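To keep things clear, I will list the structure first and then write my remarks on it.
The values are calculated or read from the model by the stated rules, or taken from the named source; none is laboratory data. Quantities reported herein were computed from a predicted structural model and do not represent experimental measurements. Cβ coordinates were reconstructed from backbone atoms using ideal geometry, including for glycine residues, and neighbour counts include every protein chain displayed. Protein only, heavy atoms only, side chains kept; ligands, DNA and RNA dropped before computing areas. Shrake-Rupley method; radii C 1.70, N 1.55, O 1.52, S 1.80 Å.
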Amino acid sequence: MTRFKNILLVIKQTAFESYSQLKLRGQAPKALRWKRLESRYNAHKSCVTDLIDILKSEDVSFKCVNRVDLDRQHLHDIDLLISVGGDGTVLSSSHFLDAGTIPLCGINSDPTTPSETDVEKKQDERRSHGALCMFGSNSLKSGVHSLLHSDLKPQSRNRISITVKSAFSETHLVPCLNDILVAHPTPASVSRFRMGWLQRIRDSAPLTDGKVRKRLYGDTTRVGGEIFEVKKSFNAWSSGMWVSTSTGSSAAMSAAGGTRMKWDSPQLQYLIREHLIEKGESQDIIDRSAGMLNPRSKLHLRWNSLEGRIYLDGSHLFHELELGDEIIISGGAPPLRLFMENENET
């Protein structure tokens, strides 16, 4: 008997498949190395075939869907989601598990081998890193058996909650497992925003003519029907801002100069990229260019550039920003139940 009865396999679309479609339209880049792409495609397909054969031998019901076709309707009645690809497939799959009730397991279908990281090679031969995957194609049978029959429990990974408040609406974005980047869509352009921290006004100031009664507070804003005061705010000119979870702290955040965190830390981490510090700026503002957010903190950004984007767990998914949009960031999203082989891995 297996502990999961209805499984959904989310299978990535390989670069070979994507570029083959472009080739049919005469739009594929000339420098593509088709033999290598096909080799990676064959390795991925071999993993998918082997996985299907293993699941057929188990007392389990399963169905398959391409990563680009995944929709919420596919989640009906499933009790486990398995992503087959790499970290990108894990991240895109996790966005559909916004309630945090369905566990997720990642399988690295084409892991990098040590010999392929040889720095003497002119080409980059690395494949998928698979930091968010429980196991790879090289240990498929034992990995699936452990997943279905052992008492291994999924880890609870905290995620980022993002709300964008525009002139006439509030938009709740998908919870992010790794990180978000808030920046101008053109890398060479300055990202302008005002950043502060929200503090709820508990004694609910009465309304007069639809406006908050003037008190001894600073700037105020209303989010989700509640009134908040924006504390310790300052204007920032920069290349944007990273916000990461503990899971994502070992990726872009670490590369940008941030701190690697323990995977089970409930905190978020933020870092303003290339913060333009004017002469005479106070040390307090310099110190607030980067830091940690405790689980109850709400970070507030008022976007002051004409254009902007919030990139969610990478470059594929993003939300457009306009001048005046407000962004509320916290660790209040439902955590993701993620199977990992080693609890010390991030």
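Here are some residues: Lys279, Lys232, Lys262. Which one is under 14 Å from Trp197 (Cβ atoms) and either open to solvent by 40 Å² or more (accessible area, probe 1.4 Å) or in contact with a Pro (Cβ under 8 Å, 6 or more places away or on another chain) (or both)? Among Lys279, Lys232, Lys262, only Lys232 is under 14 Å from Trp197 (Cβ atoms) and either open to solvent by 40 Å² or more (accessible area, probe 1.4 Å) or in contact with a Pro (Cβ under 8 Å, 6 or more places away or on another chain) (or both). The set of residues in the range 282-311 that are open to solvent by 50 Å² or more (accessible area, probe 1.4 Å) and part of a helix (DSSP H, G or I) comprises Gln283, Asp284, Ile286, Asp287. Pairs under 8 Å by beta carbon, first residue in a loop (DSSP other than H, G, I, E, B) in the range 176-201, partner open to solvent by 40 Å² or more (accessible area, probe 1.4 Å) and of a type in the set (Phe, Trp, Tyr), six or more apart or different chains? Going by the 8 Å Cβ cut-off, the qualifying pairs are Val190/Trp237; Ile201/Tyr217. Just to verify a result, which residue in the range 312-331, among those that are open to solvent by less than 60 Å² (accessible area, probe 1.4 Å) and small (Gly, Ala, Ser), is nearest to Arg157 (Cα to Cα)? Here the residue is Gly331.
Against the definition (under 30 Å from Asp87 (Cβ atoms) and touching a helix residue (DSSP H, G or I) at 6+ places or on another chain (Cβ under 6 Å)), how does Arg260 come out, yes or no? When the stated conditions are applied, Arg260 passes them.
Scanning the range 164-186 for residues that are open to solvent by 10 Å² or more (accessible area, probe 1.4 Å), over 15 Å from the mean Cα position of the chain (by Cα) and closer than 18 Å to Val243 by Cβ returns Lys165, Thr171, His184, Pro185.
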